[in-house]
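For reference, the structure discussed in these notes is given below.
The values are calculated or read from the model by the stated rules, or taken from the named source; none is laboratory data. Note that the structure is predicted; figures quoted are calculated from it, not measured. All Cβ positions, even for glycine, are placed from backbone atoms using ideal geometry, and neighbour counts span all protein chains on display.
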Amino acid sequence: MSEAKKTVFIKTYGCQMNVYDSTRMADVLARENYRPVGSPETADLVVLNTCHIREKAAEKVYSEVGRLKPLKERARQAGRTMQIAVAGCVAQAEGEEIVARAPIVDAVIGPQSYHRLPAVLARAAQGGPAIETDFPDEDKFDHLPRIGGAAIAPAGAGGPVSAFLTVQEGCDKFCSFCVVPYTRGAEASRPVAQIVSEAERHVARGAREIMLLGQNVNAYHGAGPDGEDWSLARLLARLSEISGLERLRYTTSHPLDMSGELIAAHRDLGKLMPYLHLPAQSGSDRILAAMKRRHSADDYRRLVEKLRKARPDLALSGDFIVGFPGESDSDFEETMRLVADVGYAQAYSFKYSPRPGTPAADAADQVAGPVKAARLHELQALLHSQQTAFNAAMQGRTVDVLVEKPGRKPGQLVGRSPWLQAVQLDAPADIVGTIQPVRIEAIGANSLFGSLARPAAAGRAPARRPDSIGAIA
Ligand code: 5AD
Ligand code: SF4
């Protein structure tokens with residue numbers, strides 16, 4: 001460990017798990033005396049935490065590395081060293097190819113090896129690039145530093161009010177379009193005790209909400225303290241017992257793993273927020289089969305019905321792919337019909353992009369670019385109108401907002417509704433970390449605007465089960 005503090009700039013692409021991973025890399029590097037900085041100019045180390053899920057991911061990484069070249073050269077001229085590390089799913093997928101194409105990269109490290117980052121950087125410093133993309137035998141979570149903290153601290157004491165916590169990684173579903181089973185590997189769940197203690201430490205650092213993360217999070221089956229494998233529902237029930245923790249969420253789920261027990265958890269656990277990201281990908285049974293999703297559009301409709309019966313105010317989010325190989329106009333119309341039937345509060349939609357190494361990439365009947373673009377436009381117009389209607393229905397209502405942090409303007413705070421909508425309000429800063437009833441007065445493009453429904457009482461507001469908003473048509 002060197003005496004002087006070194007600096008690291010970490011740039012994160014892609015999903016929330018990458019955001020979580022970046023914080024864990026920062027934790028590992030903090031042990032090595034690295035301090036995070038907000039820009040790469042003077043950093044001793046730049047980490048690009050990359051995403052490979054959709055189009056041009058690798059190209060983006062190469063152009064980002066290109067932009068770092070003059071900075072690295074300037075550092076060299078000033079007698080400093082700037083190391084460049086490529087992490088994440090592009091690192092895993094491309095491996096040595098990265099240093100072959102971009103020799104200024106010092107280290108390439110896959111998501112399962114982040115606990116080894118200091119050793120990899122040391123190896124790179126001794127000459128030549130260091131590449132670590134094997135799936136190691138040991139579990140990285142046993143080797144990453146613990147998130148710090150002791151007793152429950154004031155909200156925001158050193159950590160975020162809403163924290164990410166990875167509970168499982170990898171995926172065994174092998175949907176025919178998806179790289180995740182290759183870049184993140186086989187499904188693996190963390191033990192319950194490890195998750196509970198990490199959650200407790202987050203609460204000790206001021207977290208009031210925890211978002212459980214996993215590529216296929218509802219396939220969670222971690223070892224419980226009783227020696228049995230615990231389901232996600234059981235884990236959520238256990239986490240609900242943590243005092244000071246007010247809200248739980250999880251993402252991303254596969255419809256096939258939405259068990260009766262997990263549906264019941266949405267009915268029974270007051271801390272589990274009424275918002276679920278449940279990708280459907282397509283509304284056509286033919287395309288769903290080709291995607292290897294292993295459920296039909298009606299299975300998905302029935303599942304949504306059960307969920308809404310369990311939790312009438314549940315808001316749904318989803319993912320859709322248009323232009324999957326072989327998708328006809330009528331297949332696409334089936335997707336539009338599913339979206340119209342379900343009614344989403346928010347959803348992501350993408351043009352299919354062939355991922356090298358996945359079965360669908362080799363399919364002969366690829367859909368033409370302009371057709372994909374037109375379908376995406378049409379689908380996004382419908383999803384956008386549903387989102388607008390969902391948000392507009394909040395006008396004049398009083399909703400519970402977990403106040404997370406100061407907003408952009410002085411005196412302004414931002415938080416989230418139970419349905420994950422961003423809410424802006426003018427209120428004293430000491431209510432950060434509390435749940436407050438907020439009257440929604442205006443609806444913006446990306447957030448709701450409101451004011452405290454009653455004068456703020458600093459400190460922890462009691463967690464209330466939010467009142468029902470009813471499903472949208
Ligand atoms: N092309 C387009 N979208 C994709 N996704 C995953 N793989 C692809 C691909 N090859 C989308 C899916 C997934 C989300 C994270 O990204 O909708 O749910
Ligand atoms: Fe990819 Fe999700 Fe399918 Fe797994 S379930 S292969 S992560 S789309």
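Descriptive notes on the structure:
- Within segment 278-291, residues that are of a type in the set (Val, Ile, Thr) sit with their Cβ atoms under 6 Å from residues that are within 14 Å of ligand 2 (Cβ to nearest atom) and outside any helix (DSSP H, G or I), at 6+ positions apart or across chains, in these pairs: ILE287/PHE324.
- Scan of segment 160-213 for residues that are touching a Cys at 6+ places or on another chain (Cβ under 9 Å) and buried (at least 20 other Cβ atoms within 10 Å of the Cβ), ordered by number: CYS171, CYS178, VAL179, VAL180, THR183, ARG184, LEU213
- Of residues in segment 165-188 being assigned to a loop (DSSP other than H, G, I, E, B), of a type in the set (A, V, I, L, M, F, W, C) and more than 11 Å from ligand 1 (Cβ to nearest atom), the one nearest to GLY214 (Cα to Cα): VAL167
- Of the residues making up segment 245-268, those that are under 22 Å from the mean Cα position of the chain (by Cα) and away from ligand 1 (no atom under 16 Å from the Cβ) are LEU245, GLU246, ARG247, LEU248, ARG249, SER259, LEU262, ILE263, ALA265, HIS266.
- Segment 277-298 - residue that is within 15 Å of ligand 2 (Cβ to nearest atom) and of a type outside the set (A, V, I, L, M, F, W, C) and, of those, surrounded by the most Cβ atoms within 10 Å (Cβ to Cβ): SER282
- Test: residue in segment 354-364 that is within 19 Å of PRO274 (Cα to Cα) and surrounded by fewer than 15 Cβ atoms within 10 Å (Cβ to Cβ): no
- Scan of segment 270-279 for residues that are aliphatic (A, V, I, L, M) and either within 14 Å of CYS178 (Cβ to Cβ) or in a strand (DSSP E or B) (or both), ordered by number: LEU272, LEU276
One line per residue, one yes/no per condition, for (1) in a loop (DSSP other than H, G, I, E, B); (2) touching a residue at least 40 places away in the same chain (Cβ under 8 Å); (3) in contact with a Gly (Cβ under 7 Å, 6 or more places away or on another chain):
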position: LEU48; (1), (2), (3): no, yes, no
position: ILE53; (1), (2), (3): yes, yes, yes
position: ARG67; (1), (2), (3): no, no, no
position: ALA75; (1), (2), (3): no, no, no
position: GLN92; (1), (2), (3): no, yes, yes
position: ALA100; (1), (2), (3): no, no, no
position: PRO103; (1), (2), (3): yes, no, no
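- In segment 38-53, the residue that is farthest from ligand 2 (Cβ to nearest atom) out of those that are hydrophobic (A, V, I, L, M, F, W, C) and modelled with pLDDT under 95 is CYS51.
- In the set VAL371, VAL322, VAL367, only one residue is at negative phi and away from ligand 1 (no atom under 13 Å from the Cβ); that residue is VAL371.
- Within segment 307-328, residues that are acidic (Asp, Glu) have Cβ atoms under 8 Å from residues that are assigned to a loop (DSSP other than H, G, I, E, B) and within 16 Å of ligand 1 (Cβ to nearest atom) in these pairs: ASP319/THR252; ASP319/PRO279; ASP319/ALA280; GLU327/SER282; GLU327/SER284; GLU327/TYR352; GLU327/VAL367, counting only partners at least 6 apart in sequence or on another chain.
- Qualifying residue in segment 197-213 (condition: under 17 Å from the mean Cα position of the chain (by Cα) and within 16 Å of ligand 2 (Cβ to nearest atom)): yes
- Any hit, segment 299-319, residues being part of a helix (DSSP H, G or I), of a type outside the set (A, V, I, L, M) and within 16 Å of ligand 1 (Cβ to nearest atom): yes
- Options GLY407, GLY369: the member that is more than 23 Å from LYS56 (Cβ to Cβ) and either away from ligand 2 (no atom under 16 Å from the Cβ) or not basic (Lys, Arg) (or both): GLY407
- Filter pass, VAL399 being at pLDDT 95 or above, part of a strand (DSSP E or B) and crowded, with 17+ Cβ neighbours inside 10 Å: yes
- Any chance PRO274 is at pLDDT 95 or above, in contact with a Lys or Arg (Cβ under 8 Å, 6 or more places away or on another chain) and either under 27 Å from VAL401 (Cα atoms) or buried (at least 21 other Cβ atoms within 10 Å of the Cβ) (or both): yes
- Test for ALA153: is it more than 19 Å from CYS89 (Cα to Cα) and either modelled with pLDDT under 85 or in contact with a His (Cβ under 8 Å, 6 or more places away or on another chain) (or both): yes
- Considering segment 329-349, the residues that are surrounded by 22 or more Cβ atoms within 10 Å (Cβ to Cβ) and in contact (Cβ under 8 Å) with a residue 60 or more places away in the chain include one that is farthest from ligand 2 (Cβ to nearest atom), namely ALA345.
- Number of residues in segment 54-73 that are within 16 Å of ligand 2 (Cβ to nearest atom) and either of a type outside the set (A, V, I, L, M) or surrounded by fewer than 19 Cβ atoms within 10 Å (Cβ to Cβ) (or both) equals 2.
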